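Asker: Below: one structure in C-alpha cells.
Where a number appears in this text, it was derived from the coordinates with a stated rule and is not lab data. Note that the structure is predicted; figures quoted are calculated from it, not measured. All Cβ positions, even for glycine, are placed from backbone atoms using ideal geometry, and neighbour counts span all protein chains on display.
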There are 2 protein chains.
Amino acid sequence: MKIACQKNELLNSVNIALKAVSSKSTMPILECIVIEVQNDTIKLISNDMEIGIETIVKGSIISNGSVAINAKVFSEIIRKLPDNEVNVETDEKFMTTITCEKAKFTIAGKSAEEFPMLPTIEKKEAIELSQFTLKEVIRQTVFSISDNESNKIMTGELFEINGNELRVVSLDGHRISIRKVELKNSYAPKKILVPGKTLQEVSKILSGEISDEVFIYYTDRHVLFVFDDTLVLSRLIEGEYYKIDQMLSGDYETKVKINKKEFLSCIDRATLLIKETEKKPIIVGIEDKKLELKINTSIGTMDEDIDIEKEGKDILIGFNPKFLIDALRVIDDEEVEIYLINPKAPCFIKDKEESYIYLILPVSFNAAQY
Amino acid sequence: MKIACQKNELLNSVNIALKAVSSKSTMPILECIVIEVQNDTIKLISNDMEIGIETIVKGSIISNGSVAINAKVFSEIIRKLPDNEVNVETDEKFMTTITCEKAKFTIAGKSAEEFPMLPTIEKKEAIELSQFTLKEVIRQTVFSISDNESNKIMTGELFEINGNELRVVSLDGHRISIRKVELKNSYAPKKILVPGKTLQEVSKILSGEISDEVFIYYTDRHVLFVFDDTLVLSRLIEGEYYKIDQMLSGDYETKVKINKKEFLSCIDRATLLIKETEKKPIIVGIEDKKLELKINTSIGTMDEDIDIEKEGKDILIGFNPKFLIDALRVIDDEEVEIYLINPKAPCFIKDKEESYIYLILPVSFNAAQY
C-alpha cells in the first residue's frame, strides 16, 4: 500500500476517524485506525464496537493494500508534519513509513485482517436534514441524558419520526428535554433510541452548515449517519422508552415571561455560593411583576430581583440551579415563558409552538431558612 | 467601611491580589484578601508569607475601615456581577454586603487585625526597567529553575546587577539560562536570589508594555517590585549562588548556524515518539552542511535532515529534547548559533553579543542503536 495526500486532508480525515477509537480497550487492535486502499478509494476505518466510522481521504493512490496502525501515534505524527505532501507506505510486514519533506517516520503496523470491520446494514429509507439542524438538536438535548450506565435507556435519546416531524427526547429522572424538527419529507412512524455518546461524537464531526445535508438510515438494531465523505454506524439501545406524553399536561397555575439572559446570569451568580458537596437549591419567588431569586448556603446569602410579566398565582419554588442553567443555555429566544403549577409539580419552559419543551422537577426546601 | 467601585476596576485589582493568596494554608486567614480603606485610598492586600501584594483600587470611599474576606468567594462574586457600580459594605461584625444593580450578596468576613500585614522595607536604591523587558527576561529564563524544594538555591533566579548591566541566571543541574539586560542607569554591584515563584507571579501581573516602568528595590532579605498601582514584596532566597562563570568557556570544536523554527519543529516531531516513562535522547549528527536528527524508541523511529552552516569538526551527540525545545522557544532570532566541543561536554546556544547564553548538558547514548 502506498498513498500520497496533502497533510491537512489526511489530518482532517484522521481526526474524524479518531472519534470511534477506543482509548482503553482490552483489544489492542481497537486502538488502531485502518487505512484501506482499494477501488480507487483511500478510506480510514475505526470501530470501538459501539460506534464505527468510515471516512474517505482525498489523495493519490500509488498502490492498493491496507494496514491497521496505532491511531494515537499516527494522528500525532500527521499533526506535527510540515504542511506539505505526506507519503504513507507499508511493506509486507506492515512496517509503515511516513515521509514528508525531509522527515521520515517508521512505525510498526498490523494486518487489517485482525480488525473488526463495520457490519453492512441494509440502507432503506433515510431521513434527511441539514447538518446545522442535527448539530443544534443534539446540543439542545444531549445535556439531559443520564451518564449512569445502570439504566441504559436513559443514556440514549429517543428519535421519534412521525410524518414530517422528528421529535428528539432525552431525560435523566429529574428533567426532560424535547425538541421538534420539521422534516422536508414525510416518513412512516418509527422510534429509535440512539446512544448519547454516538450523538456527541457525530455532533463533533458534523460541519454544522445549513447547506450541508445528513442522511440518517435506521434498522431495528443500527443507525447510520451519512454526510460529506463520512459514515458513522452505531448500535441502537434496545428497550422501550418512557411514555413521556402523559407527563406533558398543558395545565398551569402561574405563567411567567422573563428575559432569558438576565435570568441565566442571575442563577449563574447564585451558584457560586454552592459548594460541590452541598446540594443547596435556589429559591424562586414569583409575585406580580417581580421574580426574586434567593440562596442561603454556608458561604453566604444572595438575593436578586428580576422584572417579569406574570399571569396567575404567586409561588415560591426551589430548583437545582444546574437544571435551569442547562435548559436556558440552549434556548435561543430572548424571552422565555415558564409555566408552574405548585412547588411539588414539574415546571415547564416552552415556546408557544412547543418546538421546545424543557420539563424540570423542583426540589423541596425548608421555607424557614429563606 | 463602605466603598463604590466599577466592577472591572475592582475585578482587575482582585485578580492582582489573588496572586499572593494561599490556596491551601494551615492559616485560614491567609486565604483572605484584606480590603483596607484609609487615607483616601482603597487598597487590597494579600500575603502568603512568601509573597505579599498591595494594590490600589480606583473607586469612591463612603467610609473608612477594613475587612479580611475569603479571596476565592469574593473574586468569584465580583467576576459574576453585572458590568456596573459595585458597593462593598462591612458592618461592625464584619458581615460584608456586596451589591450591584439588583443583586445583593452577604458573606461573613473577619477582622483585618488577624491578617499578617506586609513588613515595611527601607526603599533605598531601585533599578528601573520597562515592564516589557522584565516580563521577557522572566519568560526567557524561568523555565530552567528547579522545582525541587530540597535545593532551595536552584528554585530561584540570580539577579546580578553590575554597573548598567543586569544579568539574570537560572539553572537546574542540567542546563543554565542567562540573559543580559542593559539598564538606563548605573548601580553598585549587587547579587540577589529571587524565588522563581515570585517571578512567575510578578510576570503574570506585569502589563508587558514597553512604556510602563517597573522599579525593583532590594535589601539583604527582601525584593520589592513597584509598578502601576501595585507593589509585590518577596523574601529573597538565602545562600550563595553557583559560580557559573567558570563553566562558560568560549572554546568550541564545532559551530553550527541553523534556522531556529526548522530545528524546533523537527525536535518537536521527534518527541512524539517518546513515551513519558521512557527517557530516550534525540541524536544530533552534524556533518558539513547537514544536521541529521534521529530517534529510536519502542514506538518507532524517525530521522530528518536540516540544512546548516558548519565550522569545525563533525560530531554525533545526544540531548534531552525538552531542554533544546525550552531554550529554542524563548530565542527570538531567526537563526541561532550552536557551539559544541565533544559528546560529553555542554553545548552552548548563544548570540554573538552573549545577550543570551543557553548551556545544555548532553546525554550519553548507545551509538549502536542509531
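Asker: Sort B:33-40, A:242-249, B:138-145, B:275-282 for me by packing, meaning the mean count of neighbouring Cβ atoms within 10 Å per residue, highest on top.
Answerer: For the peptides B:33-40, A:242-249, B:138-145, B:275-282, the packing ranking is B:138-145, B:33-40, B:275-282, A:242-249.
Asker: Further, regarding this structure: What's the Kirkwood radius of segment A:284-370 in Å, using all Cα pairs? List each step's numbers first, then the result.
Answerer: Values: mean 1/r = 0.0715 Å⁻¹.
Taking every pair of different Cα atoms in segment A:284-370, averaging 1/r and inverting gives 14.0 Å.
Asker: First measure r as the distance between the Cβ atoms of B:D251 and B:E50, then evaluate 1/(1 + (r/R0)^6) with R0 = 51 Å and state the FRET efficiency to the nearest 0.05.
Answerer: Working: r = 41 Å, r/R0 = 0.80.
Here the calculated transfer efficiency is 0.80.
Asker: For chain B, report the translational diffusion coefficient in µm²/s to the nearest whole number, using Stokes-Einstein at 10 °C, 1.306 mPa s, and a Kirkwood Rh over Cα pairs. Display every interim value, and only then the final one.
Answerer: Working: Rh = 23.3 Å.
Rounded to a whole number, D works out at 68 µm²/s.
Asker: Which of the aspartates and glutamates could be linked to A:K19 by a straight reach, that is with a Cα gap under 18 Å, when you skip same-chain ones fewer than 8 residues away?
Answerer: Partners found: A:E9, A:E31, A:E36, A:D48, A:E50, A:E54, A:E76, A:E201, A:D228, A:D229.
Asker: Using DSSP to call loops (not H, G, I, E or B), can you name the GluC sites (Glu not before Pro) in segment B:119-216 whose Cβ has at most 11 other Cβ atoms within 10 angstrom? Could you put the intermediate results ahead of the total?
Answerer: Working: sites: B:E122, B:E125, B:E128, B:E136, B:E149, B:E157, B:E160, B:E165, B:E182, B:E201, B:E209, B:E213; in loops: B:E122, B:E125, B:E149, B:E209.
Loop-located and lightly packed - B:E122, B:E149.
Asker: How big is segment B:85-148 on each of its three principal axes, counting only the C-alpha atoms and giving the largest first in Å?
Answerer: 46, 31, 31
Asker: What are the ³J(HN,Hα) values, in whole Hz, obtained from phi via the Karplus relation 6.51 cos²θ - 1.76 cosθ + 1.60 with θ = phi - 60°, for each residue of segment A:57-72 in sequence order, with x given for Gly and Pro?
Answerer: My calculation for segment A:57-72 gives 9, 6, x, 9, 9, 9, 8, 6, x, 7, 7, 9, 9, 3, 5, 5 Hz in order.
Asker: Same structure again: What is the calculated FRET efficiency for B:Y242 to A:K93, with r their C-beta to C-beta distance and R₀ = 60 Å, to the nearest 0.05?
Answerer: Working: r = 52 Å, r/R0 = 0.86.
My answer for the efficiency is 0.70.
Asker: Now for a separate question. If one computes the Cα centroid of segment B:11-81 and of segment A:259-314, what distance in Å separates the two points?
Answerer: First find each Cα centre; the distance between them is then 27 Å.
Asker: Shifting gears a bit: How far is the Cα center of segment A:154-191 from the Cα center of segment B:186-244, in Å?
Answerer: Spelled out, the Cα-based centre of one part sits 62 Å from the other.
Asker: Applying the Karplus parametrisation 6.51 cos²θ - 1.76 cosθ + 1.60 with θ = phi - 60° to the phi angles of segment B:259-271, what ³J(HN,Hα) value in whole Hz is obtained for each residue in order, glycine and proline being reported as x?
Answerer: 3J(HN,Hα) across segment B:259-271, in whole Hz: 5, 5, 5, 4, 5, 5, 4, 5, 5, 4, 4, 5, 5.
Asker: Which whole number gives the average, over all residues in A:269-275, of C-beta atoms from other chains lying within 10 Å of the residue C-beta?
Answerer: On the way: counts 9, 3, 2, 8, 6, 0, 0.
Mean shielding count: 4.
Asker: Any idea what log10 I(q)/I(0) is at q = 0.09, 0.10, 0.11, 0.16 Å⁻¹ for segment B:126-245, Debye with uniform C-alpha scatterers and no solvent?
Answerer: One equal scatterer on each Cα of segment B:126-245 leads to -0.21, -0.26, -0.32, -0.70.
Asker: Here's a follow-up. What are the semi-axes of the equivalent ellipsoid for segment B:199-320, taken as the square roots of 5 times the Cα gyration tensor eigenvalues, largest first, in whole Å? Could you put the intermediate results ahead of the total?
Answerer: Values: eigenvalues 334, 81, 61 Å².
They are 41, 20, 17 Å, listed from largest to smallest.
Asker: Same structure again: What are the semi-axes of the equivalent ellipsoid of the protein assembly as shown, taken as the square roots of 5 times the eigenvalues of the Cα gyration tensor, listed largest first and rounded to whole Å?
Answerer: Numbers: eigenvalues 531, 442, 65 Å².
Semi-axis lengths for the protein assembly as shown are 52, 47, 18 Å.
Asker: Compute the helix-to-body angle for A:7-18: its Cα long axis versus the longest principal axis of chain A, expressed 0 to 90° and rounded to tens.
Answerer: Compared with the principal axis, the helix lies near 60 degrees.
Asker: Tell me, what ³J(HN,Hα) does each residue in segment A:289-299 have, in order and in whole Hz, if you take phi through Karplus 6.51 cos²θ - 1.76 cosθ + 1.60 with θ = phi - 60° and put x for Gly and Pro?
Answerer: Rounded to whole hertz, the list is 6, 9, 10, 10, 10, 10, 9, 9, 10, 5, 7.
Asker: Bins of 5 Å, beginning at zero and ending with the bin holding the largest distance: percent of Cα pairs per bin for segment B:2-114, please.
Answerer: Reading the bins upward from 0: 2, 13, 25, 28, 21, 9, 2, 0.
Asker: Choose one of A:Y217, A:L199, A:M247: the residue whose Cα lies farthest towards the positive end of the charge dipole of segment A:172-257 (beta-carbon charges +1 Lys, Arg; -1 Asp, Glu; about the Cα centre).
Answerer: Farthest along the dipole direction, towards plus: A:M247.
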